[in-house]
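Some notes on the structure that comes next.
The values are calculated or read from the model by the stated rules, or taken from the named source; none is laboratory data. Nothing here was measured: the structure is a model prediction, and the numbers come from that model. Positions of Cβ are generated from backbone atoms using ideal geometry, with glycine treated the same way; all protein chains shown enter the neighbour counts.
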Amino acid sequence: MSGGGLATNTGGGEIKPYLVIKPKKGWQLIDFRELKEYRDLFYFLVARDVKIRYKQTVLGGLWAVIQPLFMMIVFTLFFGRLAGIPSDGVPYPIFNYTAMVIWTYFAGSVTFSSNSLVQENTLISKVYFPRLMVPLAPVIALLLDFAIALVLLAGMMIVFRVYPGPEALLVPILLLLLVLTASGTGMFLAALNAKYRDIRYTLTFLLQFWMFASPVVYPASILPEKYHLLYAINPMAGIIEGFRSALLGTTAFPFLMVLISGAVGIIIFVGGALYFKQTERNFADII
Amino acid sequence: MANPLIRVNNLSKRYRIGAVQRGYKTFREAIVEGITAPVRNFGRLRRLTRFKNGEEPDTIWALKDVSFEVNEGEVLGIIGKNGAGKSTLLKILARITEPTSGSVEIYGRVSSLLEVGTGFHPELTGRENIFLNGAILGMSKKEIERKFDEIVAFSEIEKFIDTPVKRYSSGMYVRLAFAVAAHLEPEILLVDEVLAVGDAAFQKKCLGKMEEVAHGGRTVLFVSHNMAAVQTLCSRSVLLENGCLVAEGPSHAVVQQYRGSDGGNRSAYVWEDPKTAPGNELVRLAAVSILNSCGRTVSSIGTDEDFFIEVKYVVLRDGVRPGATAVLFNQEGTCIFSSLSNRDKDWHDKPHPIGLYRSTCLVPMSLLSDGEYRLTVLLWEGSYNLVCRSDETVRFHIRDAGEVRAGYYGGWQGVIRPALRWSTERVSSP
């Protein structure tokens, strides 16, 4: 056979195409082999997002702290002091800041992720690569901001003398669930936004509403016990409560809530990815 | 037997074009339209990518039943007018968009170059952009690292490699972008008109690189409007027209056919009825044609060929002293030249006996640039009294044979492209 070494020769002398392009029908699965092939691109996309994030700013990476910090100050004044919302036995500032760091990461990821496809329209209409990388890159890139904001949290722990217990070992799992939930939501909204630009305008108040539906300014414990599991259907509820318990020891670790929220988060991730794969074939045509 | 590396089978692609919006008639209608708009918009957006089986009025076939094969090591030109489906075809092959029906089998790794500098970020430095852009084009980090120095050298911007590209001049930007693209080493390369950018010197370099790629045994699909480049680089071409493949074969033949199909060139015009032909009772036009050097009517002439403008007219009364003027316009309507038959010594200002006359004017090779031309003809009599004027009587096409280009295939300015004599001498040594 004079395959020229180009086509993959599959033993029997029959040459299988390296690639077949045809209209795809039905649901598509994620092609992990392809993702692996393009892993260098993903690395560069994340690196780009990180590098350009605070380009030409004076404060640079400090912005990653300022945002949740100022929100925390405002919330502490209004909800902590004026409204007297309880904070599960730890000082309200650290109680709220912990949630605020998580929420800032989540909201930022979802926002960047949702707008990513539209923003990268030239890329999408000019070159092929696994499209999934577009909404996923900002979710990973923002982890750096998240880490920077956590440094201040560590400082606050020392100041307020609040120390994590052994549950802190569960933080990586919680972080994974957080990333999955953020990516899932991001992928879903990004795909939707490609076709319906209404998403961009909906996003602001969707996230605002979602924040108040999550235990950011208040603890889950102000809800009656029997509603906790229902409440955990909001994946951010279990994740934030879990983080706070693991890092601040506010309550006993809410295993059941985290389990439910984690399950919902994974469903959002898988659903978001599937919806994205389902619609990605048209991105270049509609964006 | 050659191996097809790409096999395109009955490929079709349908797009939905926006339906015509109805204007509002009354204020009340406008309000009702406004309120129901979201529902209609939703339906419209939803339908954007959904098609019924039958024909729908607001859809177009950007490609219809296109089939062809590309062999290993072949450089295939894809030509056609704007909107013929060339870019759609390339986008499907590059997996950017999905076909509506049909399939493509590809036996090798594909890289596409539909634009240079895709994904360049203005805030990142040249170095960072090389890596990002390289990765976007499908190179691995290792591969880019290996070729990094070569890329930088090719781009000629060594000094600015750590400067954000937003501070680059547009020329530097394009050079860097092309340098990355030029170092792709896929088995199959899809290229779309990327040569239309950059300054002249760089274009030449790019074309040189393309030639190197083309002769290096790589399989290339090349979409271009630059017929000279297509003919030099591609052994075989396909011609698309309204989404259908209408010709396939050796490039020169396909380019010829493309030229022929171009907007109904009418390179000869004969007035069948002498009574209604332009003119008066003294002299009337009979025919106008464009002839090649063998005397054949042609609609397409190479820049390396002489051709003739032929004007036939009938003298209806003895002793008339008629003459003709040829006025040539290019596609933009710029008048290229006027020329009068008074340069003919034998008959000018001499009394003509009744009869049919033929005046020809030789237009030398290497004078006009390539493009479409229209010829207007005037008849005059005696001391240049205008008898008649026939506007845009014939049209013809000058195709680029490349003889004036002398190896440079980039853009070329100027309404004419004469082959002027150049000489260079060394005036002093340092």
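Each residue in segment B:408-430 was checked for being free of Cβ contacts under 8 Å to residues at least 24 places away in the same chain and either closer than 20 Å to B:Glu305 by Cβ or over 25 Å from the mean Cα position of the chain (by Cα) (or both), and 11 pass. Mind checking whether some residue in segment A:214-227 is surrounded by 24 or more Cβ atoms within 10 Å (Cβ to Cβ) and farther than 19 Å from A:Ile85 by Cβ? There is no residue in segment A:214-227 that is surrounded by 24 or more Cβ atoms within 10 Å (Cβ to Cβ) and farther than 19 Å from A:Ile85 by Cβ. On the stretch given as segment A:258-282, residues that are surrounded by 23 or more Cβ atoms within 10 Å (Cβ to Cβ) and either under 21 Å from A:Ile102 (Cα atoms) or more than 19 Å from the chain's Cα centre (by Cα) (or both) total 4.
Let's see how each residue does on (1) buried (at least 21 other Cβ atoms within 10 Å of the Cβ); (2) away from chain B (no Cβ under 14 Å):
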position: A:Ser109; (1), (2): yes, yes
position: A:Asn115; (1), (2): no, yes
position: A:Gln119; (1), (2): no, no
position: A:Thr122; (1), (2): no, no
position: A:Ala137; (1), (2): yes, no
position: A:Ala141; (1), (2): yes, no
position: A:Leu144; (1), (2): no, yes
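Report yes if A:Phe44 is modelled with pLDDT of 60 or more and within 8 Å of chain B (Cβ to nearest Cβ), otherwise no. Spelling it out, A:Phe44 is indeed modelled with pLDDT of 60 or more and within 8 Å of chain B (Cβ to nearest Cβ). State whether one or more residues within segment A:124-147 are of a type outside the set (A, V, I, L, M), within 24 Å of A:Arg197 (Cα to Cα), within 18 Å of the chain's Cα centre (by Cα) and assigned to a helix (DSSP H, G or I). Yes; the residues of segment A:124-147 include at least one that is of a type outside the set (A, V, I, L, M), within 24 Å of A:Arg197 (Cα to Cα), within 18 Å of the chain's Cα centre (by Cα) and assigned to a helix (DSSP H, G or I). Being closer than 17 Å to B:Ala182 by Cβ, surrounded by fewer than 16 Cβ atoms within 10 Å (Cβ to Cβ) and either without any contact (Cβ under 8 Å) to a residue 12 or more places away in the chain or in contact with a helix residue (DSSP H, G or I) (Cβ under 7 Å, 6 or more places away or on another chain) (or both) is not true of B:Ala135. Assigned to a loop (DSSP other than H, G, I, E, B), of a type in the set (S, T, N, Q), under 27 Å from the mean Cα position of the chain (by Cα) and surrounded by 15 or more Cβ atoms within 10 Å (Cβ to Cβ): is that true of A:Gln67 in this structure? Judged against the criteria, A:Gln67 is not a match. Identify the residue in segment B:320-338 that is under 32 Å from the mean Cα position of the chain (by Cα) and either surrounded by 15 or more Cβ atoms within 10 Å (Cβ to Cβ) or among the aliphatic types (A, V, I, L, M) (or both) and, among all such residues, is farthest from B:Phe396 (Cα to Cα). So, considering only residues that are under 32 Å from the mean Cα position of the chain (by Cα) and either surrounded by 15 or more Cβ atoms within 10 Å (Cβ to Cβ) or among the aliphatic types (A, V, I, L, M) (or both), the one farthest from B:Phe396 (Cα to Cα) is B:Thr325. In segment B:184-192 there is no residue matching the filter, namely being over 20 Å from A:Phe129 (Cβ atoms) and either among the hydrophobic types (A, V, I, L, M, F, W, C) or at pLDDT 90 or above (or both). Cβ-Cβ contacts under 6 Å between residues 6 or more apart (or on different chains), taken from a first residue in segment A:230-258 that is touching a residue at least 24 places away in the same chain (Cβ under 8 Å) to a second residue that is surrounded by fewer than 20 Cβ atoms within 10 Å (Cβ to Cβ) and among the small types (Gly, Ala, Ser), are listed as A:Asn234/A:Ala213; A:Ala246/A:Ala168; A:Gly249/A:Gly165. Answer with yes or no whether B:Glu145 is assigned to a helix (DSSP H, G or I) and surrounded by fewer than 20 Cβ atoms within 10 Å (Cβ to Cβ). Against the criterion (assigned to a helix (DSSP H, G or I) and surrounded by fewer than 20 Cβ atoms within 10 Å (Cβ to Cβ)), B:Glu145 qualifies. Look at segment A:169-197: where a residue is within 14 Å of chain B (Cβ to nearest Cβ) and a partner is basic (Lys, Arg) and in a helix (DSSP H, G or I), sitting 6+ places away or on another chain with Cβ atoms under 7 Å, you get A:Asn193/A:Arg200. Taking A:Thr250 and the conditions (1) over 14 Å from the mean Cα position of the chain (by Cα); (2) buried (at least 17 other Cβ atoms within 10 Å of the Cβ); (3) closer than 14 Å to A:Val110 by Cβ, which numbered condition does it fall short on, given that it satisfies the others? A:Thr250 satisfies every listed condition except (3). When every residue of segment B:84-104 is checked against the conditions, none turns out to be aliphatic (A, V, I, L, M), modelled with pLDDT under 90 and either closer than 30 Å to A:Gln28 by Cα or assigned to a strand (DSSP E or B) (or both). When residues in segment B:105-125 are screened for being at negative phi, in contact with a strand residue (DSSP E or B) (Cβ under 8 Å, 6 or more places away or on another chain) and either more than 7 Å from every other protein chain (Cβ to nearest Cβ) or not acidic (Asp, Glu) (or both), 11 of them pass.
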